[in-house]
1. Could you please find all residues in segment 182-229 being touching a residue at least 24 places away in the same chain (Cβ under 8 Å) and basic (Lys, Arg)?
2. Residue check: is Ser109 free of Cβ contacts under 8 Å to residues at least 60 places away in the same chain, out of contact with any Gly (no Cβ under 8 Å at 6 or more places or on another chain) and farther than 17 Å from Glu190 by Cβ?
3. Within segment 291-303, can you find the residues that are free of Cβ contacts under 8 Å to residues at least 60 places away in the same chain and either part of a loop (DSSP other than H, G, I, E, B) or within 23 Å of Gly261 (Cα to Cα) (or both)?
4. For segment 298-319, name all the residues that are among the acidic types (Asp, Glu) and modelled with pLDDT of 85 or more.
5. Give just the number: which of (1) at negative phi; (2) exposed (fewer than 15 other Cβ atoms within 10 Å of the Cβ) does Gly157 not satisfy?
6. Could you please find all residues in segment 76-91 being modelled with pLDDT of 85 or more and basic (Lys, Arg)?
7. Filter segment 258-275 down to the residues that are modelled with pLDDT of 90 or more and part of a loop (DSSP other than H, G, I, E, B), then identify the one that is farthest from the chain's Cα centre (by Cα).
Amino acid sequence: MSTKISNLIPNQQLGSDIVMFSSINCGLKYSISAIFLEKAGFFVLMLKASSFFCFFTFLSVHGQMLDNIEGKTFGEVPYFNEAFVKRNKIKTITGYYSTKATLDIIRKSKDVYYYEFNEQGQLTKDYRTQYKDTLIGMYAYNESGLLSVLRKSDNGGFHSYHYLYDDRGRILSQEYRRDFNKVGDVASFELDKSFSISIEKFEYIDMEGQDYKKIYYNTADRIYQEEFFYFEENGYLIKQEARMKIGASYTNTSFVYDEIGRVKEKIIEKRLQNTYISKWVYEYDEHSNVLAQHYYKKDAYLTESQIVYANDNLLIEAIISRDVETNLVTILKLSDYVFFD
């Protein structure tokens with residue numbers, strides 16, 4: 001499992017730059033630059049440390065930039081370590097995509113991935129271009145620093161979710177709205193009108209220890225789902241069990257931790273008409289930086305994602321993903337970083 005993408009990258013010396021990727025531990029601890037070469041039939045990825053920057057993680061006694069608590073890596077909501085982003089004054093990060101198919105050259109695309117933060121270290125905006133389309137995400141926070149508005153672009157314009165919380169930071173209500181942009185540019189959103197479409201509410205009942213039950217109410221204020229959260233004695237979430245009130249559908253999520261409390265596996269068993277299991281397996285370095293994420297569905301190994309670090313400072317310079325079935329490699333090169341003064 002630790003020699004997937006790295007097998008595509010042999011040891012090579014080309015000019016003054018040396019590629020030292022190893023088949024051991026995914027070869028993710030070595031210096032990298034933005035040079036992509038085809039030589040002697042091999043895919044050679046060379047990446048070299050350049051200007052000071054950070055992305056998902058950072059070698060720091062105060063924690064990593066990527067928040068993988070409860071397996072949130074590459075999730076839909078902000079998963080950055082806000083304290084770290086604030087401390088290092090990161091303002092924006094921009095990345096560019098390339099792809100590499102078997103026996104093909106590396107093909108650079110015009111697709112861009114962009115992150116923008118405020119001075120409190122909170123993600124306020126992200127966008128990516130894909131096939132000439134631009135997908136926007138915008139984030140607002142309440143006085144406690146919790147996400148209060150999540151706004152996304154879609155084919156119809158913009159939609160948003162608005163959240164209220166209890167005193168333990170748990171969501172009490174989720175309101176769905178359709179939003180209208182005052183300006184024509186999708187990348188420059190300014191709210192004109194907002195229409196409330198639906199509101200879901202949630203109730204919490206404490207159980208033994210830290211365990212609790214979450215009750216889901218639909219827009220008619222009727223219960224449609226119950227979810228149980230179970231914690232072990234040290235406070236780690238180990239299981240979530242969600243059951244629909246009507247029908248036999250359920251979703252069970254379990255977490256496996258290593259000896260120092262890092263999420264090692266996340267497993268989701270879901271039943272709709274059929275039952276299937278998805279699993280995410282994580283690898284870390286000695287500083288608890290996430291090295292890799294392996295995704296399985298119905299016991300089939302589908303996707304491998306690896307994070308590449310510079311050798312001298314362990315800063316992130318690229319994220320490499322491979323579709324296991326097609327062997328298509330996608331490379332997100334992080335090259336443009338802007339900092340607050």
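The values are calculated or read from the model by the stated rules, or taken from the named source; none is laboratory data. Given the structure is predicted, the values throughout are model-derived calculations rather than measurements. FYI the Cβ positions are ideal-geometry reconstructions off the backbone, even for glycines, and counts take in every protein chain you see.
1. Lys201, Lys214
2. Yes.
3. Tyr295, Tyr296, Lys298, Asp299
4. Asp299, Glu304
5. Condition not satisfied by Gly157: (1).
6. Hits for segment 76-91 are Lys86, Lys89, Lys91.
7. Result: Glu259.
To keep it simple, each residue is scored yes or no on (1) exposed (fewer than 11 other Cβ atoms within 10 Å of the Cβ); (2) in a loop (DSSP other than H, G, I, E, B); (3) at pLDDT 95 or above.
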residue: Glu175; (1), (2), (3): no, no, yes
residue: Phe180; (1), (2), (3): no, no, no
residue: Gly184; (1), (2), (3): yes, yes, no
residue: Phe189; (1), (2), (3): no, yes, no
residue: Phe195; (1), (2), (3): yes, no, yes
residue: Lys214; (1), (2), (3): no, no, yes
residue: Thr219; (1), (2), (3): no, yes, no
residue: Tyr224; (1), (2), (3): no, no, yes
residue: Phe229; (1), (2), (3): no, no, yes
